[in-house]
Amino acid sequence: MGKNMIRRVYVDTSVIGGQFDKEFDWQTEPFWSAVRRRDITIIVSDILRGKMMGAPSHVRAFFDDLLLLPVEYVQLTSEAGDLAGKYISEKVVGESCLDDARHIAMATLARADVLVSWNFKHIVNVGRIRAYNSVHLRLGYLMIENQNTSGGGGL
C-alpha cells in the first residue's frame with residue numbers, strides 16, 4: 001500500500017478484544033501498527049462504542065487510546081437498520097445476530113474499503129460474505145470485502 005493511500009477500515013468489537021487474544025497476535029499486531037502509523041483509518045460505530053462501555057477496563061483503555069488517533073464515526077441509521085433487517089429476512093444470518101448484521105450494514109453504507117472482524121461464524125466467512133453481497137447486488141449497494149486472520153491481502 002502506498003504511503004499516500006489511507007484505507008478506511010470498519011472494525012467490529014471482536015477486533016478490539018482480539019488485541020488481547022494470543023490466537024490473533026500475528027494479524028492483530030501489524031493491523032494496529034498500521035492504524036498507529038495512520039496508514040489505515042478505522043471506522044468506529046456507535047454499536048462498538050456502546051459495547052466498549054461494558055468491556056473490561058484494559059480493553060476500554062486500549063479503545064480509548066485508539067480514539068486519540070484520527071477515527072471516523074458512523075451511527076446506526078434507519079437505512080442501516082433496514083439493510084440489517086434484509087439480511088435477516090433473507091436468512092443470511094438469524095435474528096440472534098442482529099448486531100453482526102448491523103455491523104455489515106453500517107460498513108456497507110459507510111463505503112468502508114474493508115471490514116475487519118475476528119467473528120468467523122457470522123461476519124467473515126466466504127459463504128456469508130457472498131450472501132451479504134447478493135443482498136447488496138439486488139438492492140444496489142456496493143460489495144463488501146473482509147479481512148481476517150486467514151485472509152490474504154495484508155493490511
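Observations on the model:
- Taking VAL92, VAL126, VAL35 in turn, the Gaussian network model of the chain (Cα-Cα springs below 10 Å) assigns the largest fluctuation to VAL126.
- Counting neighbouring Cβ atoms within 10 Å and putting the fewest first, the residues ASP25, ASP39 line up as ASP25, ASP39.
- Annotation: the residues MET52, MET143, MET106, sorted from fewest to most other C-beta atoms within 10 Å of their own C-beta, follow the order MET143, MET52, MET106.
- Helix-only mean residue ellipticity at 222 nm for the chain, each DSSP H run of n ≥ 4 adding -39500 (n - 2.57), per residue, nearest 500: -14500 deg cm²/dmol
- Percent RCO, i.e. relative contact order, over the range 7-147, from Cα pairs under 8 Å lying at least 6 residues apart: 28
- Residue order, fewest to most beta carbons within 10 Å, for ILE104, ILE88, ILE47, ILE40: ILE88, ILE47, ILE40, ILE104
- Kyte-Doolittle mean at least -1.0, axial Cα span of 15 Å or more - DSSP H helices of the chain: 25-36, 78-89, 98-109, 126-139
- Measure of compaction for the chain (Cα Rg per 2.2 N^0.38 Å): 0.99
- Cut-off of 10 Å, at most 11 other beta carbons, DSSP loop: longest stretch of the chain lacking such trypsin sites (Lys or Arg not before Pro): 39-90
Throughout, read-outs are computed from the coordinates displayed, never taken from laboratory work. Just so you know, these numbers come straight off a predicted model, no measurement behind them. Cβ coordinates were reconstructed from backbone atoms using ideal geometry, including for glycine residues, and neighbour counts include every protein chain displayed.
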